[in-house]
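This report concerns only the one structure given below.
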Amino acid sequence: MDELTNCPNCNDIFVKNKFRDICQNCWKEEEKTYETVYQFIRKRENRAATMEQVVTATGVDEELILKFIKTGRLKLTQFPNLGYPCDKCGAIIRTGKLCENCTELLRKELDIHTMEEERRLEIERREKNATYFTMDERIKGKR
């Protein structure tokens, strides 16, 4: 659903939708910067450029280049030395949202959580099925 909001870049009011998160004027500027970056890195001699080299050569802010990568406008398969930071630790990655180390750590934590949950359910099941005997006072008197 479209909503009226302020542009995060220039603070102008615009209608935000699922395709654009900035106003029309800022979008046009962003398109120009995208073309600048793309024209630079598509040249054969620049395809192996690092992020720092692209920023220096084009004058485009690294965050904007990262936005182009994350939105899929720049395909990393064509540019072997470009990447983006892991969402958790900031290590440079080329696919997904987490690096291998953070993925493995998360997997281990999930395994531990799963084992603890299974143990808790087993304890609950045992307590539910446990039989407790009590002496009824009426039966006691008959003995």
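Every number in this text was worked out from the coordinates using simple rules, so none of it is lab data. Only a predicted model underlies this, so the values are computations on that prediction, with no experimental measurement involved. In this analysis, Cβ positions are derived from the backbone assuming ideal geometry, glycine residues included, and neighbour counts consider all displayed protein chains.
Each row is one residue, and each column tells you yes or no for (1) in contact (Cβ under 8 Å) with a residue 40 or more places away in the chain; (2) over 13 Å from Phe68 (Cα atoms); (3) not polar (S, T, N, Q); (4) not in a strand (DSSP E or B).
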position	(1), (2), (3), (4)
Leu4	no, yes, yes, no
Pro8	no, yes, yes, yes
Asn11	no, yes, no, yes
Phe19	no, yes, yes, yes
Trp27	no, no, yes, yes
Thr36	no, no, no, yes
Gln39	no, yes, no, yes
Glu52	no, yes, yes, yes
Determine whether Thr114 is surrounded by 14 or more Cβ atoms within 10 Å (Cβ to Cβ), among the polar types (S, T, N, Q), free of Cβ contacts under 8 Å to residues at least 40 places away in the same chain and farther than 30 Å from Glu31 by Cβ. no
